[in-house]
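A.B. asks: Below you'll find the structure I mean.
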Amino acid sequence: MDALSGAEPRRARGRLGAASPGARAAGAPWARFSAWLECVCVVTFDLELGQALERTKGPIARTSPGTRRAGPALGVPGGSPASTLRAAGSLKLVYPSDFRLTDKEKSSICYLSFPDSHSGCLGDTQFSFRIRQCGGQRSPWHAEDRRYNSGAPVSLQREPAHYFGYVYFRQVKDSSVKRGYFQKSLVLVSRLPFVRLFQALLSLIAPEYFDKLAPCLEAVCNEIDQWPAPVPGQTLNLPVMGVVLQNLLPAPVVLTSVHELDLFRCFQPVLTHVQTLWELMLLGEPLVVLAPSPAMSSEMVLALISCLQPLKFCCDYRPYFTIHDSEFKEFTTRTQAPPNVVLGVTNPFFIKTLQHWPHILRVGEPKMSGDLPKQVKLKKPSRLKTLDTKPGLYTAYSAHLHRDKALLKRLLKGLQKKRPWDTQTALLRRHLLELTQSFIIPLEHYMASLMPLQKSITPWKTPPQIRPFRQDDFLRSLEHAGPQLTCILKGDWLGLYRRFFKSPHFDGWYRQRYKEMAHKLEALHLEAICEAQNIEAWMKDKSEVEVVDLVLKLREKLVQAQGHQLPVKEATLRRAQLYIETVIGSLPKDLQAVLCPP
């Protein structure tokens, strides 16, 4: 299994936002488990009690007191638009037993683990959701998290302030249950966006768990606790329940990627609007995806945000969102502009509630295999009038770039000729990747021109500053270094860049690139100091204050480098440590005692 991102085992947490008093050391129980998952939840539905994290015997879960109110049934078609539970009630912690969730997080997990009453999902279905961590971003980050993110593509980095929930839901008729239905969800909670890996894992363990219950779950969690941590570029063998997950043949379960969806299958009904949707994602525009089921809504949302790779998606997104989400009021208020978020919903009630949003994508039921997909039409927002609104992209947005008709024709022809879907997906993914890269490369080139020349970095002077990003200068540079050099698409590229400058994605991209360049400057400065041969001569005419200042600065750079924040070689780190010892040795004994306390 090609993890594509790396992490060392993380320690357990108490209340979110701080390390627990009994934080796990690297070799402690569940340390390896927490490199992959935060916890595993079992959510069950009871007619009298409503949704709840299931109470289990033994060490898997422990209970917490509380009350809940009964509510109408979930998952059965025919209710009112808001016919879902009104309260999640008392919730229990699950595996591992020392993991903590806030009451709001427990409530969100319970509500989002069951399809909306309009979905009518009988049998087994899989989908995913994303919730805000109620305690905000964990601070300070552990060194393991920094190592993980330093080696991971930006789109696969561990989420600092959100949880992903990967759900396997089963609803079948059961006469032994009072309401006539067995309804239960197995949920994997993680900070990793490895949707394909965790869906494959759930497809193995959930059916077995529904038959054998707690002992099976405990055994699986113990197996995951033996997995090696994900590491960039390494192929890993992940054994679970007698099966090995990997990406090399032969293998019982082959995963070519831990995160990539079948992009062509997701975008089949919207192929004619893929470039428009790409622009909306690039600009961070608010978008609602209304689909018939949580599986379709979550896959469409995840496919949409993946359009920007390798650019990081810097806006919020919710693959599955309900009226009981803790952010419902925040996202639906009409007193301010809609937030920069992509919402995946299934309840038609949202059409009325979110009529003021500028872009709504209504996706219909999937077509039978082999049929040509009926492309949704581009419609004006004013056509949004009834809850049974027809499939279509409802927006007043006019795309800046011309549609690639040759690509569209090729994809539709591939459908007629029954071309393999992985080939179709590869064509579409390559088109989107080239589109994003063509847009970003001019920005990268201009940003690189703002970096001071290496010859201007001298050992004993503060490094020069990165020059400011001037939008007008960049736009002028496009005439000879613009996207037209790598992309055949015509259109208003200048207008697209101007709107991009106002989006969260430009801010996120610029901050990240500026930080990387600043770290590179610090690394070059540290190397310049370590390569200098006359440090003793430099110290001769310097005051003790200046010498101590050098020690402190060198130590600060050393800490940054050792924390994987500065791109420097091991030899440079050793030389820096030697310089620190040399400089401290030249100081009076009292200062040495201050700088190197026993």
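A.B. asks: Provide the solvent-accessible area of Cys121, counting protein heavy atoms only and rolling a 1.4 Å probe, rounded to the nearest 10 Å².
C.D. replies: Only protein atoms counted, so the area is about 20 Å².
A.B. asks: Taking the Cα centre of the range 387-434 as the origin, how large is its charge dipole in debye, to the nearest 20, when only Lys and Arg (+1) and Asp and Glu (-1) carry charge on their Cβ atoms?
C.D. replies: Value, rounded to 20: 360 debye.
A.B. asks: For Glu365, Glu581, Glu285, Glu105, give me the order by solvent-accessible area with a 1.4 Å probe, most accessible first, ignoring ligands, DNA and RNA.
C.D. replies: These residues rank, largest area first, as Glu365, Glu581, Glu285, Glu105.
A.B. asks: Let me ask something else. Gain in length, Val559 to Arg470, computed as 0.36 nm per residue apart minus the alpha-carbon separation, to one decimal in nm?
C.D. replies: Working: separation 89, 0.36 × 89 = 32.04 nm, distance 3.29 nm.
28.8 nm is the gain from fully extending Val559 to Arg470.
A.B. asks: Okay, next question. Assuming R0 = 45 Å, can you tell me the calculated FRET efficiency for the pair Ala337 and Leu122, based on Cβ-Cβ distance, to the nearest 0.05?
C.D. replies: 0.70
A.B. asks: Hey, what's the per residue convex hull volume over the C-alpha atoms of the range 511-598, in cubic angstrom?
C.D. replies: Numbers: hull volume 9.4 nm³, N = 88.
Roughly 106 Å³ of hull volume per residue.
A.B. asks: Additional query: Within straight cross-link reach of Lys312, meaning Cα distance under 22 Å, which lysines are found once same-chain residues fewer than 8 apart are removed?
C.D. replies: Leaving aside lysines fewer than 8 places away in the same chain, those within reach of Lys312 are Lys502, Lys515, Lys520.
A.B. asks: Carbon and sulfur atoms: what percent of the 1.4 Å accessible area of the range 193-283 do they account for?
C.D. replies: Within the range 193-283, the accessible surface is 55 percent carbon and sulfur.
A.B. asks: Separate question: Rounded to whole Å and ordered largest first, report the semi-axes of the equivalent ellipsoid of the range 197-298 derived from its Cα gyration tensor (root of 5λ).
C.D. replies: 33, 19, 13
A.B. asks: Assuming 0.36 nm per residue, please report the length gained on full extension of the stretch Asp590 to Asp103 beyond their Cα-Cα distance.
C.D. replies: Stretched out fully, the Asp590 to Asp103 stretch lengthens by 170.0 nm.
A.B. asks: So for the range 403-528, taking the charge dipole from beta-carbon charges (+1 Lys/Arg, -1 Asp/Glu), which of Leu415, Leu478, Tyr446 sits furthest toward the positive end?
C.D. replies: Going by the Cα projections, it comes out as Leu415.
A.B. asks: Please compute the per residue accessible area over the range 179-326 with all protein chains in place, 1.4 Å probe, rounded to a whole number of Å². Mind dumping the intermediate values first?
C.D. replies: On the way: 4270 Å² over 148 residues.
I get 29 Å² per residue for the range 179-326.
A.B. asks: Related question: Bin all alpha-carbon pair distances of the range 453-587 at 10 Å intervals from 0 and give each bin's fraction as a whole percent.
C.D. replies: In order of increasing distance, the bins hold 10, 31, 24, 16, 13, 5, 1 percent.
A.B. asks: Against the 2.2 N^0.38 Å scaling, with N counting residues, where does the range 290-438 land? I'd like the Cα-based Rg ratio to two decimal places.
C.D. replies: Cα-based Rg divided by the globular estimate yields 1.13.
A.B. asks: Using a simple charge model, +1 on the beta-carbon of Lys and Arg, -1 on the beta-carbon of Asp and Glu, nothing else, what dipole does the range 260-335 show about its Cα centre, in debye to the nearest 20?
C.D. replies: The dipole of the range 260-335 has a size of about 100 debye.
A.B. asks: At a 1.4 Å probe, what is the % contribution of carbon and sulfur to the accessible area of the range 431-588? Mind showing how you got there, number by number?
C.D. replies: On the way: 4710 of 8910 Å².
Whole-percent figure for carbon plus sulfur exposure: 53.
A.B. asks: Top to bottom by accessible area (1.4 Å), largest first, where do Glu536, Glu260 land?
C.D. replies: Largest accessible area first, the list is Glu536, Glu260.
A.B. asks: I want to check the label-to-label distance for Arg419 and Glu479. Put each point 7 Å from Cα in the C-beta direction and report it in nm to one decimal.
C.D. replies: It works out to 3.9 nm between the two label points.
A.B. asks: Right, another one. Report the gain in length on full extension from Phe501 to Met451: 0.36 nm times residue separation, minus Cα-Cα distance, nm rounded to one decimal.
C.D. replies: Length gained, Phe501 through Met451: 16.0 nm.
The values are calculated or read from the model by the stated rules, or taken from the named source; none is laboratory data. Since the model is a prediction, treat every value here as computed from it, not as a measurement. As a convention, Cβ positions derive from the backbone with ideal geometry for all residues, glycine included, and neighbour counts pool all protein chains shown. Accessible surface is based on the protein model in full, side chains and every heavy atom, while ligands, DNA and RNA are left aside. Shrake-Rupley method; radii C 1.70, N 1.55, O 1.52, S 1.80 Å.
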